[in-house]
Structures are given as C-alpha cells and as structure tokens.
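Working notes for the structure below.
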Amino acid sequence: MSPEDTTSQPASADSVDIRDLSLHTGETVRLRGWVRKHRSSGKILFVILRDGTGEVQVVFAKDEVDGPSWETAEALAHEASIQVDGVVREDARAPSGYEITGRRVGLIGPSPEFPIQPKEHGTDFLLQNRHLWLRSPSQAAIMRVRDEVVRAIRDFFHERGYVLVDTPILTGAIGESAGTLFETEYFDLGTAYLAQTGQLYLEAAAAVLGKVYCFGPTFRAEKSKTRRHLAEFWMVEPEVAWLDSDGNMDLQEEFITFIVSRVLENRRADLAVLERKIENLEAVRPPFDRISYTEAVEFLQAGGSEIEWGSDLGAEDETKIAEGRAVPVFIYDYPKRAKAFYMKENPEDPRTVKCNDLIAPEGYGEIIGGSQREDDYDLLLARIREEELPEDAYDWYLDLRRYGTFPHSGFGLGLERTVAWICGLDHLREAIAFPRLMTRLKP
Ligand code: 4AD
Ligand code: MG
C-alpha cells in the first residue's frame, strides 16, 4: 500500500480511543462506539458512549450542532452504534476525567428496542441473550479480569522456565473418569473422547523438557447442574519432573498468590465494577493451611457430618472446611478409591495417594486438583487393571514408566472457577463468554 492510498485504511484510523482522550485535550476528535445511555433535558442531550477502551459522556447542545445531527442525537437508542465528532474537554467531575462537546453525530447502526434494559431480567433470558448481555459493564469487567488471569498464568510459567506444550483435544484414552466423557466417532478407529485433561500427554513432555504446562479447553459431560460445573472449561496444567507432592503444593501456593496479586495490580477498576470485596483478595498470601484428608474427615465428623473415611469430599464439605479461612486451604492425601488411577500410592499409608485439592475461600470450593504421579510400572499397571481401564489404550503411558521413569508431579487449575472466585461471581457461567452448560448450546 502506498502512503497516499488512504482508501484501504481501516475505518478506525481516523478516530481515537476513549482511553487516549487525555492526549487530545482541546482538540476536535472523532469517536466511534455504542450508546450506553442517553437522556435529554430539552435543548441538551447527554450520551454515554463506550468503545471498549472506556466510556465518556458526549453533550450535544441544540444550538451548537447542525440540524441533522440534532435529529440523529434525539433519536438515539440504547446500544446504537454511532460516530461522533466533538471537542475534548477536561472535566474533573466526569468519571473518565473528560467530556466531549458534541459537534456532529452520525448513526452507524440503529438499535431498535435492545432486548436487555436496565432492569431485572431472569437468568434464563440473560443466557438466551448472552451475545448481547456481554455488553453490560459487569460482563465486560469479568472478561477483562479473565484476560488478566490468563496473562498472569502464562507469565508465571514463562518467567520460571516452563515450556508450553499443547496437548490434543481428541484423545484415545480416558484421562480422568469414565463417567463424564464426550464421545465422537473417529474415522475407522472407533471412539475418540474430548480431552478431560492434557495431563497424560504432558507427562511424556515433562520427560523431555523437565518443566512444562498446557493450557486449553477441556471437556466433561457432567450431568450435574451446579454452579461449579461447565461442560467445557479451560484448565492450565503444569507438570514438573523431580517434584514431589509437598513441592507441588508450594508451587500452587506461589501460583495462586501471583495470579491474585496481578489482578489486584492491574484490574482494580473492574473489581470495583463487580463490587468485589478487595480486602478478601488482599488477604491471599502464603502460607496456605495444609490439612490431610483424614484430618478433614475428623473435622467434618466432629461438626456432625455423616461422612465416612474413604468417600470423596462433596461441595458442602469443602465449604465447611474453608469456612472462616481468609486464604485457600490444601487438603492432601485422599483415599485411593476416591481419586484417579494415575496418582502415586502413599508409601506411608497405601490406602491413600499423594495428591491434593486446593479449596478457595468464600464457598468457591475446589479450584485446583493436583498429585504426584505413580512412577512405578507395576503399581500403575495394577491401578489401570483395578479401574478396569482398557490396558491397550495406556500402553504408551506405561512406556513412560518403562523407559527412564522419574518422580513427577503436577496439577490442574480450573480457569472459570478461579475467575468466579476472584470476581466474586455466583455461578461459573459468567466466568466464560459463551458457557457450555448441560441445558444450553446456544448462543
Ligand atoms: O481435579 P481435576 O479433575 O484434575 C485433573 O483433571 C488433573 N488431570 C489435573 C492435573 O493434575 N494435571 O480438575 C482440575 C480442576 C478442578 O480443580 C476444577 O478447578 C476444574 O479443573 N474443573 C472444572 N471446572 C469447571 N467445570 C467442570 N466440570 C470442572 N471439572 C474440573
Ligand atoms: Mg478434582
């Protein structure tokens, strides 16, 4: 493209972002965006314009704009898209610090009767209109916090020398549990499953690179309609050679602290939109308490629970254990039969495995599941048989114990559970732009 050729420039080249208004004080600028609010008081019209980078009030005075602009401005509707030319003025009272004196306005896209109005809508309605609900300030704030969390995750591992290894989504072996698999036909090779985890593949990569992680969508056909479950969710999973279960918990503690402090550093305005209690996040500092599964069961029993040693902890149990704690809490060494086949048998108590869950405060439950992996060929094979898993699907996984086996550990952090906790959301469905729920595949 020659420098003279301006026709193929993107439309936005001649407009400025609202976040950059401070660079243009006193100038006439062009803005493009959507009408968030508008009201009139006779000869003056106020429009709150948002463009994704910020929000600013544009004021149109009838005797300062041309006739067609005034007519357009008067007819503006919630969520219409517009182009505005106006003068940037500093205004200490304005939330953005600036206000625009509108000179001209052009309608780009009308918005007749935007379905979502500033009133109570039921959740069902909002989910049906998720594509439009996303435009609300709170949903935008959540998406920005999520973006921050994702970048913090990548930075954390990158800064510590981990290599990102992408693991497959179509898999031939069950990663976690047979009960929650999405299946699809795979050419002439029978059934493929959508990945529940990238872990098994990552263990192979850890034998090459030492410290690795994967980060992508994972799938669970959970037939439960709880606020903690999605059918498709994002999980980040590190896998570390020569790390034991205690070291694995140290790593998780450092990781969570890093993520929370990054959000506090960069996303306070968004947390304020969400009315998040900042003190609760500021309290998240190491050390996190570590209690064994056995201690957890004794604690629950002492509180009147009927739970028996051996069964997995439920959401209610987790909430009880986390109650009154300002920081997340580790529960470690669960009974073997409550956990996945790949976890390392505890040499000190073979009824248990070297693993941990990390329970977030404020009732958010398990955000991490992690473990040291069984590195003994015979013990792993015995577990695969015990769980009646198809042995031939795991021959390659057993090879990792056949050729240069090594102690290693890792964990998986659920991104949406983490975002929901950090944002203080009631339900996981708001922690991802387009949630996949048991009862919803649209939009
Ligand atoms: O505890 P999980 O099942 O662990 C694993 O998948 C291991 N392979 C991880 C590893 O060691 N590499 O899942 C890990 C986390 C949970 O703690 C939770 O945060 C999240 O993934 N998670 C879900 N999030 C949303 N919806 C669901 N249905 C989830 N199931 C698990
Ligand atoms: Mg788990």
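Against the chain, whose longest principal axis is taken from its Cα atoms, helix 245-266 shows a tilt of about 10°.
Each part reduced to its alpha carbon centroid, the range 295-313 and the range 52-100 end up 61 Å apart. Taking 14 Å as the straight-line reach from the Cα of Lys442, the aspartates and glutamates in range (excluding those fewer than 8 positions away in the same chain) are Asp124, Glu232. Considering all C-alpha pairs of the range 1-159, those separated by over 20 Å amount to 58%.
Counting every other Cβ atom within 10 Å of each residue's Cβ, Val29, Val263 order from fewest to most as Val29, Val263. Here the chain is described by how far its Cα atoms reach on the three principal axes: 85, 57, 40 Å, from widest to narrowest. Cβ crowding within 10 Å ranks Lys43, Lys37 as Lys43, Lys37, fewest other Cβ atoms first.
Listed by chain and number, the lysines whose alpha-carbon sits under 21 Å from that of Lys211, ignoring those within fewer than 8 places in the same chain, are Lys344, Lys354. Protection proxy ranking, highest mean first, for peptides 385-397, 227-239, 162-174: 227-239, 162-174, 385-397, where packing is the per-residue count of other beta-carbon atoms within 10 Å, averaged. Fully extending the segment from Glu386 to Ser261, taken as 0.36 nm per residue of separation minus the present Cα-Cα distance, adds 40.7 nm. Diagonalising the gyration tensor over the Cα atoms of the range 363-443 and scaling each eigenvalue by 5 before taking the square root yields semi-axes of 36, 17, 11 Å, largest first.
As a proxy for reagent exposure, His408, His24, His38 were ordered by neighbouring Cβ count within 10 angstrom, fewest first; the result is His24, His38, His408.
Every read-out reported here was derived from the displayed coordinates using simple, explicitly stated rules and does not represent laboratory data. Owing to the predicted nature of the structure, the values given are computational and were not obtained by experimental measurement. FYI the Cβ positions are ideal-geometry reconstructions off the backbone, even for glycines, and counts take in every protein chain you see.
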